[in-house]
Amino acid sequence: MSRSYEGFTAEERAAMKEHAAEQRKAARAGSRAEKAAEAARDVLAKIAAMRDSDRVLAERVHAIVTTTAPELEPKLWYGMPCYALGGKNVVYFRAAEKFKSRYATLGFEDRANLDDGGMWATSFALVEITPEVENRIAQLVKQAVS
């Protein structure tokens, strides 16, 4: 059975457009501190615009990440809250609504120091933040930047 490629979904195209806009914005003139402050404001605005269930999760993830690893710089990445170290993405939050998923995702890029033998997880389904989940996120973020 042969399946034909039908191209990117509307959500994927929207994410790519957001990424292009983020790149253009980052390329504008301004000091590093000004750009970092603007990027942090953009992340908070993106979180505030999320639907309630995603917004509650994203607010907690943002608080945990920025408290646990203040050296990570918030920024947007394909329209998602992301946290980078030295310009390299380390951890991100993807809202369930972004790609019409049944759960939000907490993900880590290859810069994250999560290596554990021959195989390890790089993303986690996130449906609620309990004290146990909050502790696990903090542990993962701390390990990721170690």
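Read-outs throughout are calculated quantities, based only on the coordinates presented, and are distinct from any laboratory measurement. For clarity, every value in this text was computed on a predicted model and none was experimentally measured. Positions of Cβ are backbone-derived with ideal geometry, glycine not excepted, and every protein chain shown enters the neighbour counts.
Within the range 118-134, track down each residue that is assigned to a helix (DSSP H, G or I) and surrounded by 12 or more Cβ atoms within 10 Å (Cβ to Cβ). Result: V133, E134.
For F93, indicate whether it is touching a strand residue (DSSP E or B) at 6+ places or on another chain (Cβ under 8 Å) and in contact (Cβ under 8 Å) with a residue 24 or more places away in the chain. Yes, satisfied.
So which of A20, A39 is of a type in the set (A, V, I, L, M), free of Cβ contacts under 8 Å to residues at least 24 places away in the same chain and either part of a helix (DSSP H, G or I) or surrounded by 12 or more Cβ atoms within 10 Å (Cβ to Cβ) (or both)? The unique qualifying residue is A20. Tell me, yes or no, whether the range 52-60 has at least one residue that is in contact with a Leu (Cβ under 8 Å, 6 or more places away or on another chain) and of a type in the set (S, T, Y). No - not one qualifying residue is present in the range 52-60. In the range 96-109, how many residues are touching a residue at least 12 places away in the same chain (Cβ under 8 Å) and not in a helix (DSSP H, G or I)? Matching residues across the range 96-109 total 8.
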